[in-house]
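Peer 1: Shown below is the structure under consideration.
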Amino acid sequence: MAEINNWDWDTKEKYIADINEWKKKFKAVREISISDDGERIAAVVENNDGRFTICNNGGVWEETFERLWKLKFNNENQLYSLAYRDYEWGVGIDNGMWEEKFDSIWNLTLTPDGKGAVANCKKDGTYGVVLNGNVWENRFADARNLAISPDGTKTASNVQTKSIKVADIFAFAEGIYSIAIDGNPWDRNFMSIWSFTFSSDSTKVAAEVMLDVGAFTIAVDGKPWDQVFGCVWEPIFKPGTHDVVAPVKRGATWTLAMNGKPIWGEFFQIWGQKYSPDGQKLAATVATEFTKWTIAVESNAWSRTWNETVLAPHFSPDSRRVAAIVKEDNRWTIAVDGIPWIETFDMIWDPVFSPNGDKVIAKAEKNKKYYIVVDGKIGKNGYDALWDPVFGPDGKKVLIKCIENGKYYRRIVPVNEI
Amino acid sequence: MLKYERKEIADLGIDESVKRLTPEKITKTINNVLKGTGARLKAYLDTCIHCGLCAEACHYYLSHGKNPTYSPVAKVKLTLWEMVKNKGNVSPDFIAQCSRIAYTECNRCRRCSLYCPYGIDIWYLIALVRRICLLLKVVPQYEMDTNYSHAATLNMMWLKQDDWIDTVQWQEEEVRMEYKTARIPFDKEGAEVMYTPIAPEPKFKPQLLAATAKIMHAAGVDWTMPSFDGWDNSDISMHVADFETMSRVERKHFEAAFKLKVKRIVMCE
Ligand code: SF4
Ligand code: SF4
């Protein structure tokens, strides 16, 4: 919360930029991106010669590129970008660039402290991870996806440790994938690996792995659980511990298992499990039957279910309440503690709890306009574009980042005036 | 007595894989799969009166000079019935025959069920055979390889994550030679439509992506494509009865749409 406290929560309105002007000035404006505190707005813009650069609060970067994308402000309001010219990729940071160049770079992600950046990369024909400009020395035939440790010092990726001939199904079945941490692979391979994550103390990595056709489990630091399942989904660590929790399928039903042993009842489907901020409660998206989606907290499903989808749960900061995006009959809304808002929307974004958990707000779309919705009540103003609202530290004010008539504004609005 | 006679076709995925089977593994796998079938399998097997009316429905039967071994009922008789009758005790060579029939002599059109007076779902029965062959890893090589590609990369053509991104960005450059303001907008949150191709497009015919971009541009569609896994709408795992990989691929595809906040998924074929 430290940086949120430092944001300007007093100035009612700041007019930051006229995007319509940008559209007149440049041949094209793409990928508008906003800083967390709303003070900056940037976009990839195309010059008349067809080359791309960045317009950031009206200031234009002198460098131009053939390809430019993935704008991302860090929490110091420096702007990262992925930029390509003369057959090389680089990482832009404000008006400078990392020295290191790449064959390709993707999955650009901010480091946990919100300042640095990490990405997958290919360099000299081999694949790995780059953290703040430092590329893994050990690289591989492929690297897919990445994770960074909570302390920001270690990076992991799903790597292909062996190259095999085209359609060599036998070599594949012996296992060619592993997790590499800082370039050092686990001492065993798997047939496939999907999501992977670090423990809160940054010392361990858990991953969902395929042992054989139809046989799956979770591996921690390369060691698979003793139990083998019909399917598994993404694992998480219990905060402050080395216990790993993952959805597992036994027979026709799913449960949550901790370190291989079931800890929940049986469901038709389970995924998206999450611990409460205090680390005491577990919630997950579940289906109690086919097309009956809901949230379960500590294995107890809400009684209301939705027929199309329920996205992953969000806990309030005080761990008391749970909210989730729900969809039924092609209409979206939010449900809090099992009770859906009455109003439904064409689209809705993640629920945002107030610091004490009493209020829930979200960005929603109705008839091509975007609104802030407060506890189910749709706000007065419809915007042309809007970003996720942020509660101020006292929970009484909300930061609204919006575009109205082509102009970008940063506003601080008391929650009861939305 | 039905005699299964075919021209020999070499396929590593079948010929080599059956050499790795043991009788125990075959029996255990068959019985595990059959255990999970409940009343449906029993009802179908008990109801069939072997009338052969389903034969005229099947294009494999018709296009092989009405050779009776290509009739739907015969394909079940030559595979699943034997497994059930022998309580799973069948030979590796028999599994090779099952794999050839289930994967290459029935393309799950389900026309036969419409011809059957009892509506017996022959495809369901053949799919059980595919499931058994899959778990025994006796699957035609290129089908298994494609399935493994889905399992490893979530796309059917072994595309690396940066291959996909680069191909789409390259095709955007191509289309912009003709239509200066056209785009292939990656990861545009809140777009109306998420468009997803099948992986053979970026792999073998990337110009199809440019063609799509032209259509979207001309039609004024507010569209996007995911730059991350979940961009491939194909699912060969479903065909080979690898239902675990199938559901993983589908989940990723839908989650890409949820992440991008689109209202519709539009797919090519
Ligand atoms: S489902 Fe298979 S057996 Fe039945 S008609 Fe179609 S191809 Fe022939
Ligand atoms: S038509 Fe139906 S009952 Fe007759 S042989 Fe075919 S599956 Fe059996």
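The values are calculated or read from the model by the stated rules, or taken from the named source; none is laboratory data. Just so it is clear, the model here is predicted, and its values are computed rather than measured. We place every Cβ from the backbone using ideal geometry, glycine too, and count neighbours over all the protein chains shown.
Peer 1: Out of A:A284, A:A324, which single residue is under 24 Å from the mean Cα position of the chain (by Cα), crowded, with 17+ Cβ neighbours inside 10 Å and more than 14 Å from chain B (Cβ to nearest Cβ)?
Peer 2: None of the others qualify; the one that does is A:A284.
Peer 1: Please count how many residues of segment A:11-67 are within 14 Å of chain B (Cβ to nearest Cβ) and either within 24 Å of B:A182 (Cβ to Cβ) or surrounded by fewer than 19 Cβ atoms within 10 Å (Cβ to Cβ) (or both).
Peer 2: 22
Peer 1: Something else about it: Restricting attention to segment A:257-281, which residues are away from chain B (no Cβ under 14 Å) and outside any loop (DSSP other than H, G, I, E, B)?
Peer 2: Within segment A:257-281, A:A257, A:M258, A:K261, A:P262, A:F267, A:Q273, A:K274, A:Y275 meet the criteria.
Peer 1: Kindly indicate whether B:A211 is away from every other protein chain (no Cβ under 11 Å) and within 16 Å of ligand 1 (Cβ to nearest atom).
Peer 2: Against the criterion (away from every other protein chain (no Cβ under 11 Å) and within 16 Å of ligand 1 (Cβ to nearest atom)), B:A211 does not qualify.
Peer 1: Let me ask another. Of everything in segment B:107-140 that's more than 14 Å from every other protein chain (Cβ to nearest Cβ) and of a type in the set (D, E, K, R), which residue is farthest from ligand 1 (Cβ to nearest atom)?
Peer 2: Within segment B:107-140, the match that is farthest from ligand 1 (Cβ to nearest atom) is B:D121.
Peer 1: So, in segment A:381-418, how many residues would count as being of a type in the set (K, R) and surrounded by fewer than 16 Cβ atoms within 10 Å (Cβ to Cβ)?
Peer 2: Selection size over segment A:381-418: 2.
Peer 1: Sort out which residues of segment B:155-184 are more than 8 Å from chain A (Cβ to nearest Cβ), within 28 Å of B:M246 (Cα to Cα) and not in a helix (DSSP H, G or I), and write them in order of number.
Peer 2: B:N155, B:M156, B:M157, B:W158, B:L159, B:I184, listed by residue number.
Peer 1: Give the number of residues within segment B:8-60 that are surrounded by 12 or more Cβ atoms within 10 Å (Cβ to Cβ), more than 14 Å from ligand 2 (Cβ to nearest atom), outside any helix (DSSP H, G or I) and hydrophobic (A, V, I, L, M, F, W, C).
Peer 2: 1
Peer 1: Do the conditions hold for A:D124, that is, is it in contact with a strand residue (DSSP E or B) (Cβ under 6 Å, 6 or more places away or on another chain) and of a type in the set (D, E)?
Peer 2: For A:D124, the condition - in contact with a strand residue (DSSP E or B) (Cβ under 6 Å, 6 or more places away or on another chain) and of a type in the set (D, E) - is not met.
Residue-by-condition table, conditions (1) buried (at least 22 other Cβ atoms within 10 Å of the Cβ); (2) within 15 Å of ligand 2 (Cβ to nearest atom); (3) of a type in the set (A, V, I, L, M, F, W, C):
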residue: B:F94; (1), (2), (3): no, no, yes
residue: B:I101; (1), (2), (3): yes, no, yes
residue: B:R111; (1), (2), (3): no, yes, no
residue: B:Y115; (1), (2), (3): no, yes, no
residue: B:S149; (1), (2), (3): yes, no, no
residue: B:K160; (1), (2), (3): no, no, no
residue: B:M177; (1), (2), (3): no, no, yes
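Peer 1: Tell me which residues, restricted to segment A:344-354, are more than 21 Å from B:V262 (Cβ to Cβ) and touching a Ser or Thr at 6+ places or on another chain (Cβ under 9 Å).
Peer 2: Across segment A:344-354, the qualifying residues are A:F353, A:S354.
Peer 1: Quick check on A:Y127: is it of a type in the set (F, W, Y), part of a strand (DSSP E or B) and either more than 18 Å from the chain's Cα centre (by Cα) or farther than 24 Å from A:V45 by Cβ (or both)?
Peer 2: Criteria met by A:Y127.
Peer 1: Condition (residue is surrounded by fewer than 18 Cβ atoms within 10 Å (Cβ to Cβ), modelled with pLDDT of 95 or more, β-branched (V, I, T) and assigned to a loop (DSSP other than H, G, I, E, B)) applied to segment A:294-306: is it met by at least one residue?
Peer 2: No, every residue in segment A:294-306 fails to be surrounded by fewer than 18 Cβ atoms within 10 Å (Cβ to Cβ), modelled with pLDDT of 95 or more, β-branched (V, I, T) and assigned to a loop (DSSP other than H, G, I, E, B).
Peer 1: Something else about it: What's the total number of residues in segment B:244-259 that are more than 22 Å from A:F229 (Cβ to Cβ), facing chain A (nearest Cβ under 10 Å) and not hydrophobic (A, V, I, L, M, F, W, C)?
Peer 2: The qualifying residues number 1.
Peer 1: Which condition number does B:A241 fail, the rest of (1) assigned to a helix (DSSP H, G or I); (2) within 11 Å of another protein chain (Cβ to nearest Cβ); (3) surrounded by 21 or more Cβ atoms within 10 Å (Cβ to Cβ) being met?
Peer 2: (1)
Peer 1: Determine the pairs where a residue that is of a type in the set (D, E), located within segment B:109-122, has a partner that is more than 6 Å from ligand 1 (Cβ to nearest atom) with Cβ atoms under 8 Å apart, the partner being 6 or more residues away or on another chain.
Peer 2: From residues that are of a type in the set (D, E), the pairs are B:D121/B:Y44; B:D121/B:S113.
Peer 1: Quick one: which of B:M194, B:M216 is at pLDDT 95 or above, within 23 Å of A:A385 (Cβ to Cβ) and either assigned to a strand (DSSP E or B) or at the interface with another protein chain (Cβ under 8 Å from one of its Cβ atoms) (or both)?
Peer 2: B:M194
Peer 1: With respect to A:E66, is the statement that it is without any contact (Cβ under 8 Å) to a residue 24 or more places away in the chain and closer than 25 Å to A:Y408 by Cα true?
Peer 2: Here the answer is no, as A:E66 does not meet what is asked.
Peer 1: Moving on to the next point. Name the single residue that is farthest from ligand 1 (Cβ to nearest atom) among those in segment B:61-106 being assigned to a helix (DSSP H, G or I) and more than 24 Å from the chain's Cα centre (by Cα).
Peer 2: B:K85
Peer 1: Suppose the filter is farther than 21 Å from A:L146 by Cβ and aliphatic (A, V, I, L, M); does A:I19 pass it?
Peer 2: Yes; evaluated as a whole, the condition is true for this residue.
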